[in-house]
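> Quick one: the structure is below, and I'll ask about it shortly.
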Amino acid sequence: MAEITMYHYLVLGLVLFLAGILGSMIAKNVIKVLISIEFMLTGININFVTFASYCDNANFNGYVMALFYVGIGAVELAVALYIFYLMFRKKESDNIEKYSEL
Amino acid sequence: MITNPIIFYSATGLIFVFTMLALCFKNLIYSLLSSVVVFFGAALIFYLLGSEYNAIIQAAIYGLAVPVIIGVSIMFTKGKHEAGKGFTLPYLTMLFGGIFVLAFVYLMMMSLAIMPDTFHLMGIVQTTSMDNISAFSKGIFVNYVWAFELVSLLLTIVIAGISIFKKRGA
């Protein structure tokens, strides 16, 4: 079996990122859109850690960046879910097409 | 770093299948459970890449904390009229997903049993954990200390803002 190189991990991150983009475009439900955005962030994190592991063995800057992205992702999700909760109380629906007006 | 092709391709297949399932499920709970598998798979990928700390953070935050938050918000927003909708297809998909996971575990165990010499897991893992930790601490507290403080400030603002909104809403 072929050896695993950096490009294998980069392709995995790209696939996860593209799946997140696809999901955020086609999903009708707000929570599904948020989950898709988390997929995109996870794909980006995989790329950061891959570059840090293969190209930056001294400082591991990609690890730190991935750590920041996880923190920022959690914050973004908490704020988005609270906005969604407030909107849901007003619109009585989780369909994203009804959320065009704040 | 672990460069075992079987583990990598299995984790990649698991991530890909459950990503598609998370996007295709109509039931939000099943979609959420599939996304949990994806996040744990990403944690496994981080571990394979030699970043144990990132793997633990990924499993703790994305694998456990974030799904709990999303699950609570689903519970808050779902009406009784939607309960039980679209049950058969997700059930079958979860069943086949479970069979896939069982087959994966079986394959791994059999591979380890048949070819123990080709799985030098402990030998392949780099024994530079202290180097990783020191590089991490240097990155967070020296090179990127302002970004670290900014994220801390952002988290504090979010907690304070949500509690203020909650008081106003009540």
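The values are calculated or read from the model by the stated rules, or taken from the named source; none is laboratory data. None of the values given here were measured: they were computed from a predicted structure. Note: ideal-geometry Cβ built from the backbone for every residue, glycine included; neighbour counts use all protein chains shown.
> Checking the conditions here, which among A:ILE35, A:ILE21, A:ILE46 is part of a helix (DSSP H, G or I), more than 9 Å from every other protein chain (Cβ to nearest Cβ) and among the β-branched types (Val, Ile, Thr)?
Values: A:ILE35 fails: more than 9 Å from every other protein chain (Cβ to nearest Cβ); A:ILE46 fails: more than 9 Å from every other protein chain (Cβ to nearest Cβ).
Only one candidate passes the filter, namely A:ILE21.
> Follow-up question, since we're still on this one. Which of (1) modelled with pLDDT under 85; (2) more than 30 Å from A:MET87 (Cα to Cα); (3) within 9 Å of chain A (Cβ to nearest Cβ) does B:ILE69 not meet, given it meets every other one?
Only one criterion is unmet by B:ILE69, namely (2).
> Let me ask something additional. Considering only helices (runs of 4 or more DSSP H) fully contained in the range B:1-78, which possess at least 3 residues that are within 10 Å of the chain's Cα centre (by Cα)? I'd like the intermediate steps shown before the answer.
On the way: elements: B:5-24, B:28-48, B:52-57, B:66-77.
Where helices (runs of 4 or more DSSP H) fall fully within the range B:1-78 and carry at least 3 residues being within 10 Å of the chain's Cα centre (by Cα), they are B:28-48, B:52-57.
> A:ILE4 is checked against (1) free of Cβ contacts under 8 Å to residues at least 40 places away in the same chain; (2) touching a Phe, Trp or Tyr at 6+ places or on another chain (Cβ under 8 Å); (3) assigned to a helix (DSSP H, G or I) and fails just one. What number does that condition carry?
(3)
> Still on this structure, I have one more. Within the range B:27-39, can one find any residue that is of a type in the set (Phe, Trp, Tyr) and modelled with pLDDT of 75 or more?
The first filter runs over the range B:27-39 and keeps only residues of a type in the set (Phe, Trp, Tyr), leaving B:30, B:39.
Right, trim to modelled with pLDDT of 75 or more and you get B:30, B:39.
Yes: the range B:27-39 contains one or more residues that are of a type in the set (Phe, Trp, Tyr) and modelled with pLDDT of 75 or more.
> If A:LEU10 meets every condition in (1) in a helix (DSSP H, G or I); (2) at the interface with another protein chain (Cβ under 9 Å from one of its Cβ atoms); (3) among the aliphatic types (A, V, I, L, M) apart from one, which number is that one?
Tallying (1) in a helix (DSSP H, G or I); (2) at the interface with another protein chain (Cβ under 9 Å from one of its Cβ atoms); (3) among the aliphatic types (A, V, I, L, M), A:LEU10 fails exactly one: (2).
> Mind counting the residues in the range A:1-53 that are of a type in the set (Phe, Trp, Tyr) and surrounded by fewer than 15 Cβ atoms within 10 Å (Cβ to Cβ)? Show your work before the answer.
Going through the range A:1-53, the residues of a type in the set (Phe, Trp, Tyr) turn out to be A:7, A:9, A:17, A:39, A:48, A:51.
Filter once more, so that each one left must be surrounded by fewer than 15 Cβ atoms within 10 Å (Cβ to Cβ): A:7.
Within the range A:1-53, residues that are of a type in the set (Phe, Trp, Tyr) and surrounded by fewer than 15 Cβ atoms within 10 Å (Cβ to Cβ) number 1.
> May I ask you to verify whether B:ALA11 is crowded, with 17+ Cβ neighbours inside 10 Å, touching a Leu at 6+ places or on another chain (Cβ under 7 Å) and more than 8 Å from chain A (Cβ to nearest Cβ)?
Answer is yes for this residue.
> Let me ask something additional. Hey, could you check the range A:65-98 for residues that are of a type in the set (Gly, Ala, Ser) and within 19 Å of A:GLU38 (Cα to Cα) and say which is farthest from the other protein chains (Cβ to nearest Cβ)?
Looking at residues that are of a type in the set (Gly, Ala, Ser) and within 19 Å of A:GLU38 (Cα to Cα), I get A:ALA80.
> Keeping to the range B:29-51, report how many residues are facing chain A (nearest Cβ under 7 Å) and among the small types (Gly, Ala, Ser).
So the count comes out to 5.
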